[in-house]
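I have placed the structure first, in the form of structure tokens, so that the comments after it can refer back to it.
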Amino acid sequence: MNLNTKGYALVLSGGGAKGVYHIGVWKALLELRIPIRAVIGTSAGSIAAAFIAQGDFSLAEKILSDLTVDKIIDLPEMPENQDETSLRTRTKKWIGFIKDKLIKNKGLDTSPLRNILETQLNEQVIRQKGMELGLATWRLSDFKPIELFLEDLEDGRLVDYLIASASYPGFKTTEIKDKQYIDGGVFKNIPYSLAKERGYKKIIVVDITNSVNAARFDISQTETIYIKNSLSMKGLLDFNQQALTDYQLLGYLDTMKTFDRNVGIHYFLDIDDPVYQQFEKLLNEYTVIKDYHDLLKKSTNNDPDTSLQLRLKGLLPDEMRHYQYILVSLAECAALSLDIPRLKKYTFSQFVSAINNSVNQVDHRLLIQNPKQFQISEYLSQLKDLKSITAIKQVFKTSVYEFHQMLEKIEINDKKFKFPGKSLTKLYPFIIGAKIFLVLIKHYQKKNLD
């Protein structure tokens with residue numbers, strides 16, 4: 001069998017509550033009509049893999065997006081009234097719970113999770129569907145990694161091994177035929193090698209581990225696509241409903257970006273938009289360049305004979321400097337300076353509107369306030385280094401753009417205070433790119449009003 005022609009092997013890492021990210025990935029792959037031949041996971045990744053192998057997206061989304069801690073582990077019932085006595089009772093009860101569950105029972109009871117898997121997964125349907133399902137766990141009895149495919153399991157044993165793969169530290173170990181198993185992440189949190197050793201050449205890896213850097217695999221002689229969460233996600237057992245919704249959306253957006261359905265470094269943008277074309281023209285128009293020419297002098301490529309593109313790149317933060325879409329980088333600089341929400345797909349027109357609306361709100365606030373009301377003058381003497389600037393900004397809880405504008409407005413003895421611009425730029429390297437993009441917005445608005 002030539003597996004290379006049969007679609008991709010999808011490899012899902014562990015990650016606890018963050019595992020709902022995998023469902024967002026699956027949604028994107030379905031929309032993109034990318035064929036999945038096998039799905040292989042560890043821990044939460046193995047549970048998501050089983051639902052994917054079953055093939056019912058609506059069910060998987062409903063079940064995994066609605067998880068709570070008490071649907072994973074057996075928690076004690078808490079008294080209803082909230083008086084002081086009740087609080088002491090609850091505290092004692094929690095202490096007793098910890099002793100009973102963690103010490104006496106050697107871990108937290110995951111019977112609620114088992115119940116969900118037994119009632120919502122149909123092992124026979126999964127076997128009949130024909131998608132290969134693999135998982136990784138760790139056999140504690142003899143300290144041995146165990147990697148298995150569904151075909152290796154006896155009928156009726158799938159849920160046992162899924163629970164074994166997802167027996168996080170602190171959870172009760174899973175017993176199968178007198179052998180004890182714990183979370184597969186102890187050995188291999190991203191079971192990439194299992195897909196490659198199986199013979200797959202086309203592999204999609206989804207990494208939701210806490211590692212900042214991309215995991216390293218031997219991808220030789222493969223076509224490997226790597227998907228990593230672009231925004232940070234919280235703890236393994238943080239089953240906050242809003243967080244679960246956000247994780248799924250993030251998985252979807254990251255996957256769409258991986259397959260070039262949106263662009264951006266920090267944001268998710270659709271630039272197949274006539275407004276984008278208008279801004280590209282504005283960026284290179286002589287009258288517009290005149291308005292941001294003084295900012296170009298701050299470029300690291302500040303040579304009049306250097307091309308405009310290189311001079312603009314020299315103004316951008318390091319991670320944006322070589323990005324293929326300079327205009328997108330400038331727009332993202334403005335968005336970052338204004339704290340525009342990142343977890344959303346924007347058309348370029350929507351992105352410009354979000355930036356412009358935020359600027360207008362800031363400018364309105366500053367217009368109706370007396371600068372003295374900022375009560376910032378007492379801090380001015382402290383504006384000497386990066387640490388003090390950060391501390392003062394946190395006091396006022398503003399966006400970088402608003403903080404910058406506040407400092408511009410402050411006057412001392414009828415003279416404008418000259419704040420340490422270089423320090424601010426060093427701390428927030430996107431501020432100059434933001435200013436250029438705001439110039440572009442003004443010219444865009446003027447042209448569309450004329």
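The values are calculated or read from the model by the stated rules, or taken from the named source; none is laboratory data. For clarity, every value in this text was computed on a predicted model and none was experimentally measured. Please note: Cβ atoms are built from the backbone with ideal geometry, for glycine as well, and neighbour counts cover all protein chains shown. Ligands, DNA and RNA are stripped out before the accessible areas are found, and what is left, the full protein with its side chains, is counted by its heavy atoms. Shrake-Rupley method; radii C 1.70, N 1.55, O 1.52, S 1.80 Å.
Assorted remarks:
- Matching residues, the stretch 314-327, being aliphatic (A, V, I, L, M) and either loosely packed, with under 14 Cβ neighbours inside 10 Å or within 22 Å of Tyr444 (Cα to Cα) (or both): Leu315, Leu316, Ile326, Leu327
- So Thr137, is it open to solvent by 20 Å² or more (accessible area, probe 1.4 Å) and either β-branched (Val, Ile, Thr) or over 22 Å from His22 (Cα atoms) (or both): no
- Filter result for Glu175 (farther than 24 Å from Gly24 by Cα and either assigned to a helix (DSSP H, G or I) or open to solvent by less than 20 Å² (accessible area, probe 1.4 Å) (or both)): no
- Counting only helices (runs of 4 or more DSSP H) that sit wholly inside the stretch 355-450, those with at least 3 residues that are at pLDDT 85 or above are 400-409, 431-449.
- When Leu296 is tested against (1) on the phi > 0 side of the Ramachandran plot; (2) surrounded by 14 or more Cβ atoms within 10 Å (Cβ to Cβ); (3) not polar (S, T, N, Q), just one condition goes unmet, and that condition is (1).
- Hits in the stretch 270-306 - residues which are aliphatic (A, V, I, L, M) and touching a residue at least 60 places away in the same chain (Cβ under 8 Å): Ile271, Val275, Leu282, Leu283, Val288, Leu295
- Given (1) farther than 30 Å from Phe259 by Cα; (2) polar (S, T, N, Q); (3) assigned to a helix (DSSP H, G or I), index of the condition Ser167 fails: (3)
- For the residues Leu231, Leu237, the requirement of being among the aliphatic types (A, V, I, L, M) and closer than 19 Å to Phe351 by Cβ singles out Leu231.
Rundown of residues vs (1) touching a helix residue (DSSP H, G or I) at 6+ places or on another chain (Cβ under 6 Å); (2) open to solvent by less than 20 Å² (accessible area, probe 1.4 Å); (3) aromatic (Phe, Trp, Tyr); (4) more than 30 Å from Ala28 (Cα to Cα), yes/no style:
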{"position": "Phe268", "(1), (2), (3), (4)": "yes, yes, yes, no"}
{"position": "Tyr286", "(1), (2), (3), (4)": "no, no, yes, yes"}
{"position": "Tyr292", "(1), (2), (3), (4)": "yes, yes, yes, yes"}
{"position": "Leu312", "(1), (2), (3), (4)": "yes, yes, no, yes"}
{"position": "Ser329", "(1), (2), (3), (4)": "yes, yes, no, no"}
{"position": "Gln350", "(1), (2), (3), (4)": "no, no, no, no"}
{"position": "Ser353", "(1), (2), (3), (4)": "no, no, no, no"}
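- Residue match in the stretch 107-119 (condition: more than 23 Å from Ile73 (Cα to Cα), outside any helix (DSSP H, G or I) and more than 24 Å from the chain's Cα centre (by Cα)): no
- Residue in the stretch 234-242 that is open to solvent by less than 30 Å² (accessible area, probe 1.4 Å) and either over 17 Å from the mean Cα position of the chain (by Cα) or within 17 Å of Leu12 (Cα to Cα) (or both) present: no
- Qualifying residues in the stretch 207-223 (those that are open to solvent by 40 Å² or more (accessible area, probe 1.4 Å) and not hydrophobic (A, V, I, L, M, F, W, C)) - the one nearest to the chain's Cα centre (by Cα): Asn210
- Close pairs (7 angstrom Cβ cut-off, 6 or more residues apart or separate chains): at positive phi in the stretch 253-269, among the acidic types (Asp, Glu) anywhere: Gly264/Glu332
- Members of the stretch 190-206 that are surrounded by fewer than 22 Cβ atoms within 10 Å (Cβ to Cβ) and in contact (Cβ under 8 Å) with a residue 24 or more places away in the chain: Ser193, Lys196, Arg198, Gly199, Lys201, Lys202
- Within the stretch 19-35, residues that are more than 17 Å from Ser46 (Cβ to Cβ) and of a type in the set (A, V, I, L, M, F, W, C) sit with their Cβ atoms under 7 Å from residues that are open to solvent by 10 Å² or more (accessible area, probe 1.4 Å) and not in a helix (DSSP H, G or I), at 6+ positions apart or across chains, in these pairs: Leu29/Ile36; Leu32/Phe259; Ile34/Tyr8.
- Single residue of Ala195, Ala166 found to be within 19 Å of Leu236 (Cα to Cα) and either touching a Phe, Trp or Tyr at 6+ places or on another chain (Cβ under 6 Å) or of a type in the set (Gly, Ala, Ser) (or both): Ala166
- Residue check, Leu296 in contact with a helix residue (DSSP H, G or I) (Cβ under 7 Å, 6 or more places away or on another chain) and closer than 21 Å to Phe430 by Cβ: yes
- Screening Leu253, Leu249 for residues that are at pLDDT 95 or above, within 28 Å of Tyr346 (Cβ to Cβ) and touching a strand residue (DSSP E or B) at 6+ places or on another chain (Cβ under 6 Å) leaves exactly one candidate, Leu253.
- Helices (runs of 4 or more DSSP H) lying entirely in the stretch 229-311 (those with 1 or more residues that are in contact with a His (Cβ under 6 Å, 6 or more places away or on another chain)): 274-283, 286-296
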